[in-house]
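Remarks on the structure that follows.
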Amino acid sequence: MSVRSQSSEPSASSAAPHRAGFACFVGRPNAGKSTLTNALVGQKVAITADQPQTTRHTVRGIVHREDAQLILVDTPGLHKPRTLLGERLNDVVRTTWAEVDVIGFCLPANEKLGPGDRFIAKELASIKKTPKIAIVTKTDLVDSKTLAEQLIAIDQLGKELGFEWAEIVPVSAVGDKQVDLLADLIVPLLPEGPALYPEGDLTDEPEQVMIAELIREAALEGVRDELPHSIAVVVEEMLPREDRPADKPLLDIHAFVYIERPSQKGIIIGPKGARLKQVGIKSRKQIEALLGTPVFLDLHVKVAKDWQRDPRQLRKLGF
Ligand SMILES: Nc1nc2c(ncn2[C@@H]2O[C@H](COP(=O)(O)OP(=O)(O)OP(=O)(O)O)[C@@H](O)[C@H]2O)c(=O)[nH]1
């Protein structure tokens with residue numbers, strides 16, 4: 001087993017050819033995939049939340065280095081499908097796996113390997129060609145003994161399923177430990193070639209989707225149980241406000257927050273609209289930071305009955 005730590009030599013040298021390619025992080029919900037994507041890219045591009053299953057769109061983060069361009073594709077968690085949405089999400093995940101150059105399997109250091117991890121690992125074993133890196137996330141939450149046990153268990157899991165991990169790397173995205181090393185280890189696995197995206201691009205996700213994700217992240221904060229799965233956000237319109245002086249532009253953004261049942265409306269809106277107002281304030285600040293322009297954000301809550309089970313609604317909501 002080869003477990004890496006930061007002390008290893010940096011792999012980039014001036015003679016090394018330039019590389020460019022795609023990697024995706026897989027793992028159970030809440031394994032830390034989005035946080036790791038953000039840490040690698042160095043700017044917020046994927047949404048993170050305390051609730052599992054918050055990533056629905058394939059968000060790409062782009063790491064620009066002198067020796068390489070690494071394009072990160074952040075997929076939703078693979079899981080046992082119970083609804084049409086669940087099945088579609090799993091299809092998205094598998095398609096992504098077959099297309100990337102490297103798969104990073106994220107396993108939290110603070111949770112013993114479980115049936116969910118085995119389910120994913122078995123699926124990974126069937127993707128023969130793509131190199132697989134095991135990434136042990138959230139190492140700041142455990143002591144060294146627990147970490148060592150986890151590393152051994154992961155090595156063993158690969159052996160049981162008949163494959164070798166290309167690397168096993170412990171990281172802490174929150175503590176910024178070994179995140180750069182992870183990039184150093186992924187880069188040699190990418191094909192040689194010029195950069196695929198212009199420098200400075202952090203993601204090619206359409207702005208409207210990123211904005212919708214920021215609003216959904218704010219709307220998810222503090223809600224528990226069923227609700228996270230029931231929220232979808234669609235940006236309907238983005239228009240520069242007319243009659244504004246050139247040095248004081250304002251962008252009008254109209255968005256719908258969809259929920260599945262009328263009973264959920266009160267939770268999202270809050271007493272006298274207080275909660276929705278907070279969601280608006282919080283996401284507007286983030287949208288302004290993303291776009292670099294002042295924004296007027298208009299949020300409406302709408303009921304789309306059982307949208308997760310209705311193919312027509314799913315299409316409308318972008319799935
Ligand atoms: N302490 C600690 N917490 C972390 C770390 N990485 C992620 N977390 C936390 O773990 C939770 C889940 O992280 P996410 O990055 O949203 O996980 P995910 O795998 O993208 O989740 P899904 O979108 O549900 O698939 C969040 O509360 C993060 O703050 C880490 O390195 N250390």
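The values are calculated or read from the model by the stated rules, or taken from the named source; none is laboratory data. A quick note: this is a predicted structure, and the numbers were derived from the prediction, not measured. Virtual Cβ from ideal backbone geometry, glycine too; neighbours counted across all protein chains shown.
On the stretch given as the range 267-310, residues that are among the hydrophobic types (A, V, I, L, M, F, W, C), under 17 Å from Met238 (Cα atoms) and crowded, with 17+ Cβ neighbours inside 10 Å total 5. Applying the criterion of being among the acidic types (Asp, Glu) and either modelled with pLDDT under 90 or in a loop (DSSP other than H, G, I, E, B) (or both) to the residues of the range 245-266, the residue that is surrounded by the fewest Cβ atoms within 10 Å (Cβ to Cβ) is Asp247.
With the structure loaded, tell me whether Leu89 is more than 15 Å from the ligand (Cβ to nearest atom), buried (at least 16 other Cβ atoms within 10 Å of the Cβ), at pLDDT below 90 and within 29 Å of Ile211 (Cβ to Cβ) or whether it fails that test. No: the conditions fail for Leu89. Of the residues Leu78, Leu40, Leu70, the single one that is at pLDDT 60 or above, surrounded by 15 or more Cβ atoms within 10 Å (Cβ to Cβ) and more than 16 Å from the ligand (Cβ to nearest atom) is Leu70. Within the range 105-116, one or more residues are assigned to a helix (DSSP H, G or I) and within 16 Å of the ligand (Cβ to nearest atom). Residues of the range 143-161 that are among the basic types (Lys, Arg) and farther than 14 Å from Ala109 by Cα: Lys159 alone.
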